[in-house]
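Participant: The structure under discussion is supplied below as structure tokens; questions concerning it will follow.
The values are calculated or read from the model by the stated rules, or taken from the named source; none is laboratory data. Because the structure is a prediction, the values reported are computed rather than measured. As a convention, Cβ positions derive from the backbone with ideal geometry for all residues, glycine included, and neighbour counts pool all protein chains shown. Each accessible area value is taken on the protein alone, full model and side chains, heavy atoms only, with ligands, DNA and RNA left out. Shrake-Rupley method; radii C 1.70, N 1.55, O 1.52, S 1.80 Å.
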Amino acid sequence: MALLSSTAVLLDKELRTEFRSRELLTTTTVFVLIVIVLFSFSFDPTSEESRRFGAGLLWLALLFAASLMLQPCFLREQSNDTLSALRLSVSDPFAIFLAKLVANTLFLLLTELLLLPVFAVLYNVSVLPMLHWLVLVFFLGSLGVSITGTALSAISAQARMRELLLPLLLLPLLTPILVASTEVTAALFDRSPYVQWKGVGFLAVFDLAFLTILWLLGEYLLEE
Amino acid sequence: MKKSVLSAMVVVLLLGLSGYASFFIAPTDAKQGLIYRILFLHVASAWTGLTSFFICFIANLLYVLRRQPRWDWLGVSAGETGLVFTTVVLLTGPIWAHPVWGIWWTWDARLTSTFVLWLLYVSYLLLRTLVEEPDRRALLSALFGIFAFIDVPLVFGSIRWWRTQHPQPIIMGAPGAGLDPTMYKVLFFTWLAMLGLMTLLLRQRYRLEAMRGDLEIIQRELEAA
């Protein structure tokens, strides 16, 4: 219970910091938008091609965006010298991770929901009939990205070249997320859409596995 | 004679014997002919690479729990040897694939997942070069190593489920599939020789890392004085 209440307080802090400036959300949204537009030059975005490549393209853009968005997660604490205070304020350091990863999942989900209509219009893919399933995939995928990304941003924040390092560490680790979410999303973009339960289950397993490791190793990640 | 020289000689002998066995003792494959003989080097390297990464993972875990520098030294050494053997796998694969499949590379499950595995450990070694302070470097890289190793089965699973051309597992695969008994023996012998080589490399690399560790301590003491 103590974990949940301290997580709630920290989550409130994360959300308040972000919504005061909305820096992360605006930059990430614009970044994904740019990538989506630039991708359209690499192939002919007619409806048939979009069905085949759209899902992968969307997820690739989101992963790139996430690897940039997760950057300040711990860097901000470090440059403001607030990490030690944060550590002292909670009994379980997992609460810090939990708050940050929930906040990051929310930010990513918000970006995705803002961009989905734009993507649907530009690439002529119909998203409305399967919207609830798309939201589920986006949620599971973003959760996985946030769990691993939050953990690795705690690592990369302590290294040199940290801005470059996080994508290098994170992107290969996210291969399973990219493969599974792309497959599930592609099935939902299909002419006769269907839900690929195997992929949904896989994403859930990924999230659960890394959440467990983060729970076990979290305290070491924040060691001074 | 010095122990290290003797063990090196044993490993060279084993490697020579396994090379001889791969070329002259194992029978020629009915369909593929001579080219299949690269299998012994390819598969044995793959197994050895995975063994090495597993050692790296165990060393990483032990470092996080015990904080003794020797686990860090073992971790980086095993990470590097694993990377060497995985590089051999990635190089011998296309040499075999070109005549048999007609292409050098295909984005099939095992190829892709081995490539991702390779990239993960490149990142692991890269991370080490970017953290100055030894204890911090050891801890951070050990933690990343654990994350990377847990990711490996997920990478293999995801890619294998959704995209595939590599020969289905012949060893412990479907019934009816399987190697000739002599081929099995040669393969396991090659693996043994490769494990010998791995141990040799690991030992040398570990000693080098240990000396580096000592040197770092001396340097810091000098700076402090």
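Participant: What does the structure give for B:145-152 when I average, per residue, the other chain Cβ atoms found within 10 Å of the residue Cβ?
Facilitator: Per residue, the number of nearby Cβ atoms from other chains is 4 on average.
Participant: At 7 Å along Cα-to-Cβ for each site, give me the label-to-label distance between A:D81 and B:L91 in nm.
Facilitator: With each label placed 7 Å out from Cα toward Cβ, I get 5.1 nm.
Participant: Label-point separation (nm) for A:D44 and B:T129, each offset 7 Å from Cα along Cα-to-Cβ?
Facilitator: 4.4
Participant: Using just the alpha carbons, could you tell me how many Å³ per residue the convex hull of region A:2-221 encloses?
Facilitator: Hull volume normalised by residue count: 117 Å³.
Participant: A follow-up question, please. Over the whole of A:133-146, what's the average partner chain Cβ count within 10 Å per residue? Rounded to a whole number, please.
Facilitator: 0
Participant: Please state, rounded to one decimal and in Å, the Kirkwood hydrodynamic radius that the protein assembly as shown gives when every pair of distinct Cα atoms enters the mean of 1/r.
Facilitator: One over the average 1/r among Cα pairs gives 24.2 Å for the protein assembly as shown.
Participant: Another question about this same structure. To make sure I understand the rule: partners must be lysines, Cα under 25 Å from the Cα of A:K100, and not fewer than 8 residues away in the same chain. Which ones qualify?
Facilitator: The reachable lysines, counting only those whose Cα sits under 25 Å from A:K100, are A:K13.
Participant: At 1.4 Å probe size, what's the solvent-accessible area of A:E48? Round to the nearest 10 Å².
Facilitator: 100
Participant: In square angstrom, rounded to the nearest 10, how much accessible surface does A:K198 have for a 1.4 Å probe?
Facilitator: We get 100 Å² for A:K198.
Participant: What does the accessible area of A:W215 come to, in Å² to the nearest 10, when a probe of 1.4 Å is used?
Facilitator: 150
Participant: Determine which lysines satisfy two conditions relative to B:K3: a Cα distance under 16 Å, and not lying fewer than 8 residues away in the same chain.
Facilitator: none
Participant: So how tilted is helix A:23-39 from the main axis of chain A? Cα-based, degrees 0 to 90, rounded to 10.
Facilitator: Computed tilt is about 30 degrees.
Participant: Please list, by residue number, every one of the trypsin sites (Lys or Arg not before Pro) in region A:112-195 that is coil in DSSP and has at most 14 other beta-carbon atoms within 10 Å.
Facilitator: Qualifying residues, ordered by number: A:R160, A:R191.
Participant: Keeping every protein chain in place, order A:D81, B:D180, B:D214 by accessible area at 1.4 Å, biggest value first, i.e. largest first.
Facilitator: Largest accessible area first, the residues go A:D81, B:D214, B:D180.
Participant: Ok, one more. Give the residue list of trypsin sites (Lys or Arg not before Pro) in region A:3-84 that are DSSP loop and have at most 14 other beta-carbon atoms within 10 angstrom.
Facilitator: A:R22
Participant: What's the angle, to the nearest 10 degrees (0 to 90), between helix A:162-173's Cα axis and the longest principal axis of chain A?
Facilitator: 60
Participant: Could you give P(r) for region A:30-149, binned at 10 Å from zero, as whole percent values over all Cα-Cα pairs?
Facilitator: Once binned at 10 Å, the Cα pair distances of region A:30-149 give 12, 38, 28, 14, 7, 1.
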